[in-house]
1. So which residues in region 135-169 are at pLDDT 95 or above, part of a loop (DSSP other than H, G, I, E, B) and on the phi < 0 side of the Ramachandran plot, if there are any at all?
2. Take Val83 and tell me if it is at pLDDT 95 or above, in contact with an Asp or Glu (Cβ under 9 Å, 6 or more places away or on another chain), over 16 Å from Leu120 (Cα atoms) and among the β-branched types (Val, Ile, Thr).
3. Could you please let me know if Asp97 is within 12 Å of ligand 2 (Cβ to nearest atom) and surrounded by fewer than 18 Cβ atoms within 10 Å (Cβ to Cβ)?
4. Six or more apart or on different chains, Cβ atoms under 8 Å: show the pairs whose first residue is in region 58-70 and free of Cβ contacts under 8 Å to residues at least 12 places away in the same chain and whose second is assigned to a helix (DSSP H, G or I) and surrounded by 14 or more Cβ atoms within 10 Å (Cβ to Cβ).
5. So the check is Cβ under 9 Å with 6+ separation or different chains; which pairs have a first residue in region 6-34 that's more than 15 Å from Ala99 (Cα to Cα) and a second one that's modelled with pLDDT under 95 and aliphatic (A, V, I, L, M)?
6. Please work out if Gly30 is farther than 16 Å from Ala158 by Cβ, touching a Phe, Trp or Tyr at 6+ places or on another chain (Cβ under 7 Å) and crowded, with 19+ Cβ neighbours inside 10 Å.
7. Looking for something closer than 28 Å to Cys18 by Cα, in contact with a Pro (Cβ under 6 Å, 6 or more places away or on another chain) and in contact (Cβ under 8 Å) with a residue 60 or more places away in the chain - is there at least one such residue anywhere in region 117-128?
8. Would you list the helices (runs of 4 or more DSSP H) that sit entirely within region 1-107 and hold 2 or more residues that are more than 16 Å from ligand 1 (Cβ to nearest atom) and among the aromatic types (Phe, Trp, Tyr)?
Amino acid sequence: MYDNWEELEKESSQCRKCKLCKTRNNVVFGTGNKNADLMFIGEGPGADEDIQGIPFVGKAGKLMNMAFEAIGLNRENVYIANVVKCRPPSNRNPEEDEAMACLDYLRNQVILVKPKVIVLLGSIALKNILGKEYGITTSRGKWVEKRGILYMPTWHPAALLRDETKKIDFIKDLKLVMEKMKNI
Ligand code: URA
Ligand code: SF4
C-alpha cells in the first residue's frame, strides 16, 4: 500500500503484473477529485480510454456525462476509476487473474480518496468489490454498507447504449446517490 498518490501512480504506470500490459497503449489510472466523497468504479478502459489514458472518455463516458449533467453532478467533483487499468483486448471482460492482479491499485485508491459513497458501474465492478455472490440485476438501486462505505450498484453506462430502458434506472439510482450525498 502506498500512502501517497505520486508513488501509487508511478508504480501503476509501469505495471506489468498481468498480461493486459502487453496490449495496452496507456495505463488508465483514474481521474477527478482525489478528496471526493463520491467515487465511481467501472470495469476497464475501452479503446478511447486506452488512447487518452483517462477513464470514461468514449461513448459510454459521454453518456455518463450526460446523465451527470441531467442530475446536476459535476464530473470534476467525483473520483472515477476502473477495476482493471489496462484495456482488455476487443473490450472483453477482464479475466479473474487480471482483476486480482490489478485490484490492489483500486483498493489503494479507495484508501487514499476515502469516499463515503461508491457507485459500482456494472457487474464486473460489483462482483470484484462486493463479492461474486452479488448479481447486478437484483442488486442495482439498493444500498449496501460495508466497512463504513455505502455502495450503490447500478448498470454500466455501456449497457444503457444497448438498452434504452436502463437509462431510467440509471438516472433513478444516481438520484438516490445525490439525495444521500446531501445528508452525509
Ligand atoms: N468502460 C469502463 O468500464 N471504464 C471506462 O473507463 C470506459 C468504459
Ligand atoms: Fe498492471 Fe492492472 Fe495493467 Fe494488469 S491491468 S498490467 S495489473 S495496471
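The values are calculated or read from the model by the stated rules, or taken from the named source; none is laboratory data. Quick caveat: nothing in here was measured; it's all calculated off a predicted structure. Here the Cβ positions follow ideal geometry from the backbone for every residue, glycine too, while neighbour counts run over all protein chains shown.
1. Correct list: Gly135, Arg140, Lys142, Trp143, Trp155, His156, Asp163.
2. Details: at pLDDT 95 or above: yes; in contact with an Asp or Glu (Cβ under 9 Å, 6 or more places away or on another chain): yes; over 16 Å from Leu120 (Cα atoms): no; among the β-branched types (Val, Ile, Thr): yes.
Judged against the criteria, Val83 is not a match.
3. Yes: the conditions hold for Asp97.
4. Asn65/Arg75
5. Going by the 9 Å Cβ cut-off, the qualifying pairs are Leu8/Met1.
6. Working: farther than 16 Å from Ala158 by Cβ: yes; touching a Phe, Trp or Tyr at 6+ places or on another chain (Cβ under 7 Å): yes; crowded, with 19+ Cβ neighbours inside 10 Å: yes.
The answer is yes for Gly30.
7. Narrowing region 117-128 to residues closer than 28 Å to Cys18 by Cα: 118-128.
If we keep only those that are in contact with a Pro (Cβ under 6 Å, 6 or more places away or on another chain) as well, we get 120, 126.
Filter once more, keeping what is in contact (Cβ under 8 Å) with a residue 60 or more places away in the chain: 120.
Yes, region 117-128 has at least one match.
8. none
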